[in-house]
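What follows is a single structure, written as structure tokens, with notes after it.
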Amino acid sequence: MSEITENVKRVYERIAEAAAASGRSPEDITLVAATKMNDAERVKEAIRAGIKAAGENRVQELLEKDALGAYDGAQLHFIGTLQKNKVKFVSGRCDLIQSVSSPELLRAIGKKAASLGKTQEILLEVNIGEEAAKTGASVGKIEEMLEAASDEKGVHVAGLMTIPPVCDDMAETRGYFDKMYKLFVDISAKKYDNTYMRILSMGMSGDYAEAILSGATMVRVGTAIFGARHY
Ligand SMILES: *Cc1c(COP(=O)(O)O)cnc(C)c1O
């Protein structure tokens with residue numbers, strides 16, 4: 001078995017354990033392979049190994065690999081910082097845009113998808129640690145985005161995504177995951193138009209099992225599948 005194939009198997013095993021420990025089944029958790037800096041061949045290999053969704057960070061890289069059929073047989077997600085002038089390349093093409101961090105970006109995505117006769121599923125990216133240098137909307141801005149979504153028919157809000165601050169210990173990280181889960185439940189209870197909280201995307205190679213224990217329904221794993229990235 002190749003290294004990627006073995007790694008995918010191991011990650012699915014740990015997901016199954018964490019799902020069971022949180023009273024859920026493995027099918028309740030979606031594994032997204034974070035494919036940045038891995039070429040089309042490696043992405044294809046991961047998909048052959050059972051990966052059902054690939055997440056890309058950069059539009060240019062996504063377009064290059066997409067042209068090579070890298071994502072055939074899997075969903076394609078956008079998980080990186082999205083500039084408004086690049087929206088036209090991903091809205092309507094991706095199965096999920098996970099990193100929507102402002103009402104303006106949400107509207108731009110909606111307009112583009114609507115012009116194609118589509119509805120784009122999105123997640124709202126939350127800056128749960130309220131860090132100055134981090135992407136994502138602060139918790140206080142989320143309501144404004146949900147209101148923007150309520151009359152933007154080209155988008156559908158399917159949940160929340162976060163990248164928590166880098167913490168010294170796992171208990172601190174769990175604190176952020178728990179905060180996200182609470183926000184997810186609170187928004188679900190409010191019933192906004194055009195929003196249905198189904199996906200909570202959090203957890204990466206170092207903490208995906210813990211994220212699942214806190215209620216994640218989707219994890220984004222790069223290094224634990226592909227090995228270290230060489231910048
Ligand atoms: C790279 C990346 C990941 C995966 O990170 P790893 O630590 O390599 O698992 C997850 N989410 C986002 C948004 C990323 O950019």
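For the reader, a short list of remarks on this structure follows.
- Lone qualifier among 100, 59 - being within 18 Å of the chain's Cα centre (by Cα), buried (at least 19 other Cβ atoms within 10 Å of the Cβ) and farther than 18 Å from residue 201 by Cβ: 59
- Among the residues of region 67-76, the ones that are within 12 Å of residue 35 (Cα to Cα) and over 14 Å from the mean Cα position of the chain (by Cα) come to 2 in all.
- Selection of helices (runs of 4 or more DSSP H) fully inside region 116-231 by the criterion of at least 1 residues being at pLDDT 95 or above and within 16 Å of the ligand (Cβ to nearest atom) returns 170-190, 208-213, 223-226.
- Here the strands (runs of 3 or more DSSP E) wholly within region 1-107 that include at least 1 residues being farther than 22 Å from residue 223 by Cα and at pLDDT 95 or above are 96-100.
- Selection within region 189-213 - open to solvent by less than 30 Å² (accessible area, probe 1.4 Å), within 16 Å of the chain's Cα centre (by Cα), closer than 21 Å to residue 125 by Cβ and not acidic (Asp, Glu): 197, 199, 200, 201, 202, 203, 208, 211, 212
The values are calculated or read from the model by the stated rules, or taken from the named source; none is laboratory data. Predicted, not measured: the structure shown is a model, and the values here were computed from it. Cβ: placed from backbone, ideal geometry, glycine included. Neighbour counts: every protein chain shown. To get the accessible areas, we keep the full protein, side chains included, count just its heavy atoms, and leave off ligands, DNA and RNA. Shrake-Rupley method; radii C 1.70, N 1.55, O 1.52, S 1.80 Å.
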